[in-house]
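The values are calculated or read from the model by the stated rules, or taken from the named source; none is laboratory data. What you see is a predicted model; the values in this text were computed from it and never measured. Note: ideal-geometry Cβ built from the backbone for every residue, glycine included; neighbour counts use all protein chains shown.
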Amino acid sequence: MRRGFRRRIPPVKILSDCEVEAIHHATLDLLEEVGCRFDSKKALDLLKKNDCIVNDQDLRARIPAYLVEEAIRKTPSSFLVRARDPKNNMMFGGNTLYFMSSAGARICDPETGIARTATLEENNQAVLISDALENLDCFPSYTPYFEIEKIEPVMLCPTSLASRIRYSSKVSRGAQVTDSFIWEIQLAQAVGQQLLGNMEAAPPLSYPEDAINAGFGYAEAGFPIYIAAGAVMGGTAPVTLAGSTITNNAELLAAVVFLQLVRPGIGIIANDFVEPIDMRTGSPAFGSLGCSLHHMAFNQIWNGFYRIPTNNTGPAFPNSKLIDFQGGYEKTHIAMASALSGANMIVLHGGVSSELSYHPLQAVMDDDIAAIVGRTIEGFEVNDETMALEIMKEVEPMRGTYLNKAHTRTLWKKEYYVPKAADRLTYQEWLKTGRKNSIDYAHERMKEILASHKPTPITPEQDKEIDRILEEAKRYYRNRGLL
Amino acid sequence: MEREILAGLKKMVLNYEIEKAESAAKDAISKGVDPLRCVEALTEGIRQIGEGFEKGDIFLPDLVASSEVVKKALPPIQEEITRRGQKTASLGRVVVGTVFGDIHSIGKDMVATLLFANGFEVIDLGVNVRSDHFLDAIKEYEANILAMSALLTTTVMEQKNVIEGLRREGIRPRLKVVVGGAPINQEFADSIGADGYGSTALEGVAIAKSLLGTA
């Protein structure tokens, strides 16, 4: 089982209890009066059968408050996801914090920031590197790259999962686009693992057919589901943090209601993927203050009030096009806010330049951010040994030292974190190295991993079965005229 | 009096007075103001907003609000233009839409607004637009430009499908095609046979102008 980090401090609360109540109350009002659109007759029939007022013209289901609160109660506060190697199983919820890899459309050149389509080999290498990173616990859907050379867009998700199964034994999330779930469920079952299923809204207040079909598929396969509603504040959600918290709540709770009707008691992790718009370009302003504040309120409501595990995507995608200072601070401030406010998972490793690019060097450096953020919420122990009063009484004022004490020698590694890809040398040493920086250290670490890391292997039969499933997927998409 | 009314129409755009747009336009027409001059006044207002946006003094919500004012004010003015047998001058007619399977609209809305602000007639088909719907609109409106947006790597190929549809119908030579969206780049645009690619909404407008020789 992956340990993750265990929060030992009470979560930071950005809202008062009354404000949480007001937001929840407004959410229920919105779902009763406006409802949510579901582009699926099967979903609408299910909702209609369970007391929702369904309008077959505008495809909306108005959801009664009692049904929402019943669905919240049915959703477990913790759930297990089985990896193909039990050492990588994950138990979501409670005070556990995990880290999920980020993703990008393309690979970026670390020197210039120029993005290009990755090859399948680069994709596989990036997965292998992620498998080795200590603080990267699982993968999202189309990761690391959501475009791969010579792979047709419609085959990207199944091919991407196949790569992750072959080069890592960590948990993965499935995708929802174009029936990908059909193949991803089979791929996971071929190697005896579960997936985090996927169901993502199209804000404001709607679920497209793809998402609903995926929800049905993953739930019926017995997989827990990762729900999300990626809205932009001022565009597909109100510009205010309070308003966009309510619409996001409503969108996600509509999915919770739906999924609890499909499979009562199903595990759900709710993702907050709301960010402000950059009011000059119209693009999502990842990495910004609005993300961190939104995540803090979200975690307080979902983890603290609804008791449903939470994920935060804000740290995944800095605005910076380069692996640089801006990217570093954008990721860290949001990751820290997320962790302190009680997130159960944070999407972090490897993303550069909004959703446009990814690089494994960034992932290596982000592993240090994950460790620092995770260790922060674990705090430190206060007991007789750590207080060290007896030792203090031995150390002579002014002349004494702690450096020669067994206490120091045996405990410093537990008390500190030494980053693996950072420059911590003295100035003179740094000059002698030729002025190596964190990217250089990350590069060395990457090379070490590629040279020596071996993921838990799959069997030849499993490998063959993966190929068979991918071929069947290609036939399916060809018959649909998509390939 | 006409001068004051026209100044009022322009000010209405600059002050984002969406609620009074329709009634102000009807009032202007009822007082006999030349509808072509009304269009000019509204266009001046939105052009000023567009310039402010390019400079970075004015932002997206302001651009959208000013275009809402114009959208509300235009119908009664257009009606009067038709009744009088007049014609509006424009740099060209653009059909704009986000491709099938994609519901992202913000970038497309920015392009539509800026094209209008720069003197184009814009037919906005919205989002999730099927290929045949684009073709029908191009034929109906005799468009000079087709501007397509796609923001998902899974929907960008739909832009290629639409261009192939134009070729099959034999109408490809009649117009220019400009594409845009976050996953698009020049290489992709060239590979699908588009005439232009805009990495930003402003660039898209400049390309539209240069393709029609009106830059």
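Can you name every residue in region A:353-365 that is over 16 Å from A:Glu448 (Cα atoms), buried (at least 24 other Cβ atoms within 10 Å of the Cβ) and touching a Lys or Arg at 6+ places or on another chain (Cβ under 7 Å)?
Of everything in region A:353-365, those that are over 16 Å from A:Glu448 (Cα atoms), buried (at least 24 other Cβ atoms within 10 Å of the Cβ) and touching a Lys or Arg at 6+ places or on another chain (Cβ under 7 Å) turn out to be A:Ser353, A:Ser357.
What single numbered condition from (1) part of a loop (DSSP other than H, G, I, E, B); (2) surrounded by fewer than 16 Cβ atoms within 10 Å (Cβ to Cβ); (3) not aromatic (Phe, Trp, Tyr) fails to hold for B:Ser90?
The single condition B:Ser90 does not satisfy is (2).
I'd like the full set of residues that are closer than 13 Å to A:Ser180 by Cβ, crowded, with 24+ Cβ neighbours inside 10 Å, within 14 Å of chain B (Cβ to nearest Cβ) and not polar (S, T, N, Q), limited to region A:143-167.
Listed by number, the residues that qualify are A:Phe146, A:Cys157, A:Pro158.
Exactly one of (1) crowded, with 23+ Cβ neighbours inside 10 Å; (2) at negative phi is unmet by B:Gly181. Its number?
With respect to (1) crowded, with 23+ Cβ neighbours inside 10 Å; (2) at negative phi, B:Gly181 is out only on (2).
Results for (1) part of a helix (DSSP H, G or I); (2) modelled with pLDDT of 95 or more; (3) in contact with a Phe, Trp or Tyr (Cβ under 9 Å, 6 or more places away or on another chain), shown as yes or no for each residue.
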| residue | (1), (2), (3) |
| --- | --- |
| A:Thr401 | no, no, no |
| A:His407 | yes, no, no |
| A:Trp412 | yes, no, no |
| A:Leu431 | yes, no, no |
| A:Pro457 | no, yes, no |
| A:Glu461 | yes, yes, no |
| A:Leu470 | yes, yes, yes |
| A:Ala473 | yes, yes, yes |
| A:Tyr476 | yes, yes, yes |
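In region A:195-211, which residues are of a type in the set (A, V, I, L, M, F, W, C) and either within 14 Å of chain B (Cβ to nearest Cβ) or in a loop (DSSP other than H, G, I, E, B) (or both)?
Of region A:195-211, the ones of a type in the set (A, V, I, L, M, F, W, C) are A:195-196, A:199, A:201-202, A:205, A:211.
Within region A:195-211, A:Leu195, A:Ala201, A:Ala202, A:Leu205, A:Ala211 qualify.
For region A:48-80, what are the residues that are out of contact with any Leu (no Cβ under 6 Å at 6 or more places or on another chain), of a type outside the set (Gly, Ala, Ser) and assigned to a strand (DSSP E or B)?
Passing the criteria: A:Ile53, A:Asn55, A:Arg60, A:Arg62, A:Phe79, A:Leu80.
Condition (residue is over 26 Å from the mean Cα position of the chain (by Cα) and among the basic types (Lys, Arg)) applied to region A:61-76: is it met by at least one residue?
yes
Looking at region A:172-194, which of its residues are part of a helix (DSSP H, G or I) and within 21 Å of A:Arg478 (Cβ to Cβ)?
First, the residues of region A:172-194 that are part of a helix (DSSP H, G or I): A:177-190.
Result: A:Val177, A:Thr178, A:Asp179, A:Ser180, A:Phe181, A:Ile182, A:Trp183, A:Glu184, A:Ile185, A:Gln186, A:Leu187.
Does region A:214-242 hold any residues that are within 14 Å of another protein chain (Cβ to nearest Cβ) and not in a loop (DSSP other than H, G, I, E, B), and which are they?
Within region A:214-242, A:Ala214, A:Val232, A:Met233, A:Ala237 qualify.
What helices (runs of 4 or more DSSP H) completely inside region B:99-215 contain at least 2 residues that are within 14 Å of chain A (Cβ to nearest Cβ) and of a type in the set (D, E, K, R)?
Qualifying helices (runs of 4 or more DSSP H): B:106-117, B:157-168.
Being part of a loop (DSSP other than H, G, I, E, B) and more than 18 Å from A:Phe317 (Cα to Cα) is the filter here, so list the residues in region A:91-110 that pass it.
A:Gly94, A:Asn95
Looking at A:Ala339, A:Ala297, A:Ala254, can you tell me which residue is assigned by TED's automatic domain parsing to the domain that holds A:Val373, over 30 Å from A:Arg6 (Cβ atoms) and at pLDDT 95 or above?
None of the others qualify; the one that does is A:Ala254.
Just for region A:267-276: of the residues that are of a type outside the set (Gly, Ala, Ser) and surrounded by 24 or more Cβ atoms within 10 Å (Cβ to Cβ), which one is nearest to the chain's Cα centre (by Cα)?
Once the filter is applied, the top-ranked residue is A:Asn271.
Do any residues in region A:267-295 that are away from chain B (no Cβ under 11 Å) have Cβ atoms under 6 Å from those of residues that are of a type in the set (Asp, Glu) and assigned to a loop (DSSP other than H, G, I, E, B), where the two are at least six apart or on different chains, and which pairs are they?
A:Ala285/A:Asp278
Okay, residues lined up against (1) assigned to a helix (DSSP H, G or I); (2) within 14 Å of another protein chain (Cβ to nearest Cβ); (3) among the aromatic types (Phe, Trp, Tyr); (4) buried (at least 16 other Cβ atoms within 10 Å of the Cβ):
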| position | (1), (2), (3), (4) |
| --- | --- |
| B:Ala25 | yes, no, no, yes |
| B:Gly32 | no, no, no, no |
| B:Val39 | yes, no, no, yes |
| B:Gly52 | yes, yes, no, yes |
| B:Pro61 | yes, yes, no, no |
| B:Val69 | yes, no, no, yes |
| B:Ala73 | yes, no, no, yes |
| B:Ile77 | yes, no, no, yes |
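Specify which of the listed residues (A:Pro455, A:Pro460) is free of Cβ contacts under 8 Å to residues at least 40 places away in the same chain and under 25 Å from A:Ser168 (Cα atoms). So that I can check it myself, show each step before the final result.
Working: A:Pro455 fails: free of Cβ contacts under 8 Å to residues at least 40 places away in the same chain.
Of the residues listed, the single one that is free of Cβ contacts under 8 Å to residues at least 40 places away in the same chain and under 25 Å from A:Ser168 (Cα atoms) is A:Pro460.
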